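Take a look at the structure below.
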Amino acid sequence: MVPKPPSRIDLLRGTLDLLILRTLRHGPSHGHAIAKHIQRTSEDLLQVETGSLYPALHRLERQKWVKSEWKLTDSNQRAKYYQITPLGKQQLVADHDRWQTMVRAITSVMAPIPTPKEGA
């Protein structure tokens, strides 16, 4: 029996920080909206669970890459909104450059495998 492919992709270590910082380039957002943006823009392949999202946001705050403040949502509920800082923008550029390098390296390794010629 052929195994069923996963319905979503597990994030590589460190990638969540990059995705959060990239999402916050659009402007301040609360945690649920950050997770939904990542899910929507990845065509539902990436789903960020609460247990991963909030520890990552707190880590980014400790590193001064994001700052937060309590505000009211559109539905008049209190939520913590996160905003990328100038230091976070610098980190985003550095992380993006490293990500592009990694993509190039993996693409090179995963290049199509030539099929053996018959009779060879």
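Remarks
- The chain: angle of helix 50-62 to the longest principal axis, Cα-based, in degrees nearest 10: 70 degrees
- Interatomic Cα distance distribution for the chain, bins of 5 angstrom, percent: 2, 10, 17, 19, 17, 11, 7, 5, 4, 3, 2, 1, 1, 0, 0
- Crossing angle, helix 86-109 versus the chain [Cα axis fit, 0-90 degrees, rounded to tens]: 10 degrees
- Amide H within-cut-off set for V48, under 5 Å, with H built and near neighbours excluded: Q39
- Using alpha-carbon coordinates, inclination of helix 31-41 to the longest axis of the chain, degrees: 30 degrees
- Pairs of lysines in region 8-120 (C-alpha under 30 Å apart; 8 or more residues apart or interchain): 12
- Note that region 58-120, at 25 °C in a medium of 0.890 mPa s, gets a Stokes-Einstein diffusion coefficient of 157 µm²/s from its Kirkwood radius over C-alpha pairs.
- In nm, spacing of pseudo-spin labels at W99 and S42 (7 Å Cα→C-beta vector): 1.0 nm
- The chain, relative contact order in percent, only Cα pairs under 8 angstrom and at least six apart counted: 25 percent
- Taking other residues whose beta carbon is less than 15 angstrom from the beta carbon of Q91, and scoring Lys, Arg as +1 and Asp, Glu as -1, yields +4.
Every number here is computed from the coordinates shown, using simple stated rules; none is lab data. Predicted, not measured: the structure shown is a model, and the values here were computed from it. Backbone-built Cβ (ideal geometry, glycine too); neighbour counts: all protein chains shown.
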